[in-house]
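Heads up, the thing below is written out as structure tokens.
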Amino acid sequence: QVQLVESGGGLVQPGGSLRLSCAASRSVNPIAWYRQAPGKESEWVAKITTVGSTNYADYADFVKDRFTISRLNAKNTMFLQMNSLKPEDTAVYYCTANRIGTPYWGQGTQVTVSS
């Protein structure tokens, strides 16, 4: 079993920033962020994979150069720094990871970008 707990969402104006956190109950690798906007399908946002002591990040095209994914391996915590936020970034953001072939999801954190 893996518990994932997201935090850090909220209301922000366009152009603003938020930092999401995802705390895992045990070590998982890789770990990713997805988001789901109202009336839309879930979409992958970013993923971080740790190989040895190096973290490798991958991003969806629509967040490249705006979002940065990182992790504190020793604390099983992942972050998503979101800058230059746009109204279309409004969604519930979820962190997810697989362990021994079983997917785990957090409860999600709401991000609303609006003036």
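The values are calculated or read from the model by the stated rules, or taken from the named source; none is laboratory data. This is a predicted model, so every value here is computed, not measured. When we count neighbours, we look across all protein chains shown, and the Cβ atoms used for this are built from the backbone with ideal geometry, even at glycine. Areas reflect the complete protein model, heavy atoms only, side chains present, ligands, DNA and RNA absent. Shrake-Rupley method; radii C 1.70, N 1.55, O 1.52, S 1.80 Å.
So, with a 1.4 angstrom probe, what is the percent of accessible area on the chain that is carbon and sulfur? Its accessible area is 49 percent carbon and sulfur atoms. Looking at the calculated P(r) for the chain, what percent of the C-alpha pair distances fall above 17 Å? Tail of P(r) above 17 Å: 51 percent of Cα pairs.
Each other residue within a Cβ distance under 15 Å of TYR94 adds +1 if Lys or Arg and -1 if Asp or Glu, for a net charge of -1. The string of couplings for segment 62-68 from the Karplus curve (6.51, -1.76, 1.60, θ = phi - 60°) is 6, 10, 4, 6, 10, 10, 10 Hz, one whole number per residue in order, with x for Gly and Pro. Each other residue within a Cβ distance under 11 Å of ASN83 adds +1 if Lys or Arg and -1 if Asp or Glu, for a net charge of +1.
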